[in-house]
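The values are calculated or read from the model by the stated rules, or taken from the named source; none is laboratory data. These figures come from a predicted structure and were not determined experimentally. Quick reminder, even Gly has a Cβ in these numbers, built from the backbone with ideal geometry, and neighbours come from all protein chains shown.
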Ligand SMILES: Cc1cc2nc3c(=O)[nH]c(=O)nc-3n(C[C@H](O)[C@H](O)[C@H](O)COP(=O)(O)OP(=O)(O)OC[C@H]3O[C@@H](n4cnc5c(N)ncnc54)[C@H](O)[C@@H]3O)c2cc1C
């Protein structure tokens, strides 16, 4: 037992050292696991601040944790110490219809806020696929994205203000509740996406939009991936800005066919899903034009939906792509790379070559509209040397993505999973700048140590 545990308990912040609780708070949705020495469950910003002041004085590592649904080991307490779970700070404090603002604690589950604001005719667009289980604090710390980000932008575009507990426990407020604010540095931007290494967010002020009353959807398959890419170009080229443009490759479709049956998954080697939202009359008319454009490119199958129920049906196929990959009985390494939009077909071809030349099954699907494609390497981690083989495959993938001017992560962050490629992805002077900022805010290096900075 660590010598500081009795003193930590005396703070009065709910704390656990139960082995099952420690184990549960040592992992996320990636594969790393490190057991912390204690988990605290603060209920207020003042309690977060108290724990940090305590840890700072003694130089104890502290790792912030939301819902633990991250994909890169970001909340894994690599240097043990204290995990600060924000999940008891889960109140929606305010939804203001006049100001189009919500104020929440960091442990609120994303879809809970979305449902609450939609009841008032308001809209919080960022839609990570994990939204039913992940926290808004985690979304802010990873700058989470999702399909709707093509039109609406990522989490950063919705964070107006933050309260943050710094490494020494000082509580600072940045930004505010206005939709524009140019007072001082963009500190909200600095903390958003900082993966818990600069501070712990204790209150979030989020921007809301009017809820679009209607959405319509088109689902199409093509014989070839380049036709799907041509359809994306045709839709955007004609001046449409869909809220989502989702694409999937032949490997994904074949897995879905095995998982759901060939009646549910139409024939073809590439799939495209387009969603438009807005006023009912205008989106219905846009639906016709977009469907015509897609047909012209040579779709093998095409279905349209102009009611929420019918749209949901088309989305359910897209949502099943990830679970369908389970038919292979392998572990999925989900790499959320981003390529310039014009490189979509090159990426699919490259994935095909990885499959043939290195024997790694690869499934690609994701957000074609912003080039953020999830490249899923299917691996058998029970096989000897598999981890090293995957790292070599990822070396190739990331080298190619960077050579195209892309990025190694568009949504999930660096965490532990992508630490190996941090030096390749970021120039030395920019890495030094990250280090300078980290030292300025956390001179003892207690916040989420062992990660990329
Ligand atoms: C099935 C599935 C689908 C997913 N789909 C998407 C997707 O579509 N888009 C996407 O972007 N991501 C997706 N993810 C990844 C993940 O859900 C997101 O990264 C999410 O934002 C993590 O939130 P969390 O609450 O689980 O954070 P955690 O995993 O608990 O933590 C993530 C990081 O944030 C830090 N952190 C957490 N809370 C705070 C806080 N209050 N203050 C400071 N730092 C904090 C942690 O230290 C860690 O570095 C998916 C994950 C799964 C399992």
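Just checking, how many residues over region 355-370 are over 22 Å from the mean Cα position of the chain (by Cα) and within 22 Å of residue 227 (Cβ to Cβ)?
Residues in region 355-370 being over 22 Å from the mean Cα position of the chain (by Cα) and within 22 Å of residue 227 (Cβ to Cβ): 2 in total.
I'd like the full set of residues that are within 16 Å of the ligand (Cβ to nearest atom), farther than 26 Å from residue 171 by Cβ and either at pLDDT below 95 or buried (at least 19 other Cβ atoms within 10 Å of the Cβ) (or both), limited to region 411-453.
Scanning region 411-453 gives 411, 412, 414, 416, 417, 418.
Please state which one of 373, 337, 408 is closer than 21 Å to residue 227 by Cα, surrounded by 15 or more Cβ atoms within 10 Å (Cβ to Cβ) and in contact with a strand residue (DSSP E or B) (Cβ under 8 Å, 6 or more places away or on another chain).
Of the residues listed, the single one that is closer than 21 Å to residue 227 by Cα, surrounded by 15 or more Cβ atoms within 10 Å (Cβ to Cβ) and in contact with a strand residue (DSSP E or B) (Cβ under 8 Å, 6 or more places away or on another chain) is 373.
Looking for whichever is more than 22 Å from residue 449 (Cα to Cα) and at pLDDT 95 or above here; the options are 37, 18. Which one fits?
18
Restricting region 72-83 to residues that are more than 8 Å from the ligand (Cβ to nearest atom), crowded, with 24+ Cβ neighbours inside 10 Å and closer than 23 Å to residue 335 by Cβ, which is farthest from the chain's Cα centre (by Cα)?
Of everything passing the filter in region 72-83, 76 is farthest from the chain's Cα centre (by Cα).
Given 113, 86, 122, which one is more than 12 Å from the ligand (Cβ to nearest atom), in contact (Cβ under 8 Å) with a residue 40 or more places away in the chain, under 20 Å from residue 163 (Cβ atoms) and surrounded by 19 or more Cβ atoms within 10 Å (Cβ to Cβ)?
None of the other options fit; the residue is 113.
Can you tell me which residue within region 157-203, out of those that are in a helix (DSSP H, G or I) and within 17 Å of the chain's Cα centre (by Cα), is nearest to the ligand (Cβ to nearest atom)?
By that ranking, first place goes to 191.
So, residue 43, is that one in contact (Cβ under 8 Å) with a residue 60 or more places away in the chain, under 20 Å from residue 196 (Cβ atoms), within 15 Å of the ligand (Cβ to nearest atom) and out of contact with any strand residue (DSSP E or B) (no Cβ under 9 Å at 6 or more places or on another chain) or not?
no
Return the pair list, or none, for Cβ contacts closer than 6 Å from residues in region 176-202 that are under 17 Å from residue 440 (Cα atoms) to residues that are within 16 Å of the ligand (Cβ to nearest atom) and at pLDDT below 95, at least 6 apart or on different chains.
197/453
Considering only residues of region 97-110 that are in contact (Cβ under 8 Å) with a residue 40 or more places away in the chain and away from the ligand (no atom under 12 Å from the Cβ), which is surrounded by the most Cβ atoms within 10 Å (Cβ to Cβ)?
If we take residues in region 97-110 being in contact (Cβ under 8 Å) with a residue 40 or more places away in the chain and away from the ligand (no atom under 12 Å from the Cβ), then 102 is surrounded by the most Cβ atoms within 10 Å (Cβ to Cβ).
In the set 383, 389, 399, which member is within 16 Å of residue 333 (Cβ to Cβ) and surrounded by fewer than 15 Cβ atoms within 10 Å (Cβ to Cβ)?
383
So that you can scan it fast, the table gives a plain yes or no per residue for (1) farther than 23 Å from residue 369 by Cα; (2) in contact with a strand residue (DSSP E or B) (Cβ under 9 Å, 6 or more places away or on another chain); (3) at pLDDT below 95:
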| site | (1), (2), (3) |
| --- | --- |
| 83 | yes, yes, no |
| 93 | yes, yes, no |
| 98 | yes, no, no |
| 121 | yes, yes, no |
| 133 | yes, yes, no |
| 136 | yes, yes, no |
| 142 | no, no, no |
| 154 | no, no, no |
| 169 | yes, no, no |
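Name the single residue that is nearest to the ligand (Cβ to nearest atom) among those in region 46-71 being surrounded by 22 or more Cβ atoms within 10 Å (Cβ to Cβ) and farther than 20 Å from residue 417 by Cα.
Checking each candidate, the answer is 48.
Limited to region 132-156, what total is found for residues that are near the ligand (Cβ under 8 Å from one of its atoms), more than 10 Å from the chain's Cα centre (by Cα) and either part of a loop (DSSP other than H, G, I, E, B) or surrounded by fewer than 22 Cβ atoms within 10 Å (Cβ to Cβ) (or both)?
2
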